[in-house]
1. Could you please find all residues in the stretch 78-96 being surrounded by 13 or more Cβ atoms within 10 Å (Cβ to Cβ) and in a helix (DSSP H, G or I)?
2. For the structure I just gave you, tell me whether Ser134 is part of a helix (DSSP H, G or I), among the small types (Gly, Ala, Ser) and either modelled with pLDDT under 95 or exposed (fewer than 15 other Cβ atoms within 10 Å of the Cβ) (or both).
3. Test each condition in (1) closer than 30 Å to Gln53 by Cα; (2) among the basic types (Lys, Arg); (3) surrounded by fewer than 15 Cβ atoms within 10 Å (Cβ to Cβ) for Lys100 and report the one that comes out false.
4. Need the failing condition index for Glu126 against (1) closer than 30 Å to Glu163 by Cβ; (2) not in a helix (DSSP H, G or I), just the number.
5. Check whether at least one residue in the stretch 52-59 is polar (S, T, N, Q), at pLDDT 85 or above, farther than 26 Å from Asp154 by Cα and exposed (fewer than 13 other Cβ atoms within 10 Å of the Cβ), and report yes or no.
6. Restricting to the stretch 37-90, what's the tally of residues that are closer than 22 Å to Tyr117 by Cα, of a type in the set (Lys, Arg) and without any contact (Cβ under 8 Å) to a residue 60 or more places away in the chain?
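The values are calculated or read from the model by the stated rules, or taken from the named source; none is laboratory data. As the structure is a computational prediction, the values presented were derived from the model and not from experiment. As a convention, Cβ positions derive from the backbone with ideal geometry for all residues, glycine included, and neighbour counts pool all protein chains shown.
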Amino acid sequence: MLDALTILRIVSVAMLVLFSMEINAQNQKIGYFESDLVVAQLPEYGGIEQRLQLLSSGWQQEAQEMLDEVTALEEDYQAKEILYTEAIRSQKLADIAQKKKQHQSFLQQKFGPTGEYFQQQSDLLEPIQRKVFSAARTVALEKGYDYIFDRSGDIYMIYARAEFDITADILFELGIDLDN
């Protein structure tokens with residue numbers, strides 16, 4: 001059986017541990033920044049933006065020319081539809097459908113989620129973004145931040161002190177042992 005002094009010591013140690021955990025949680029330093037704003041201020045960003053605009057405007061002009069061709073074919077078909085035989089009508093409609101399909105394919109190839117515009121944008125901006133994120137990590141280390149988040153668009157964690165990484169604990173909890 002435990003005597004009152006032992007119980008008092010256990011309770012005191014437990015309270016001290018809980019108190020120090022609370023203090024540690026309160027002392028965490030968290031920061032955020034907006035990478036879009038930072039990137040836009042960099043001198044090299046203006047040149048990239050201009051290159052992307054030139055690329056985009058050229059493709060938009062080409063897409064408009066394709067659309068104008070489709071419109072001209074449709075207008076010609078409507079004007080002459082009654083003069084065409086059924087076979088010619090089918091062929092003209094197939095030609096119009098093919099031109100529309102080419103236009104949509106072009107737009108997808110150039111401006112779709114995996115299109116050339118976004119690939120070029122990614123390739124050109126990646127070095128700048130790496131530079132900004134590296135600067136954010138440097139600031140975090142120099143100023144003693146525990147976490148740094150990027151608030152532009154989706155929220156990304158740019159920096160976290162390694163001592164707060166609980167990935168291994170979660171894997172262990174799930175029964176996954178990385179040591180083997």
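1. Passing the criteria: Ile88, Arg89, Lys92, Leu93, Asp95, Ile96.
2. Taking the combined requirement at face value, the residue satisfies it.
3. Single failed check for Lys100: (3).
4. Single failed check for Glu126: (2).
5. So far as the stretch 52-59 goes, yes, one or more of its residues are polar (S, T, N, Q), at pLDDT 85 or above, farther than 26 Å from Asp154 by Cα and exposed (fewer than 13 other Cβ atoms within 10 Å of the Cβ).
6. The total comes to 0.
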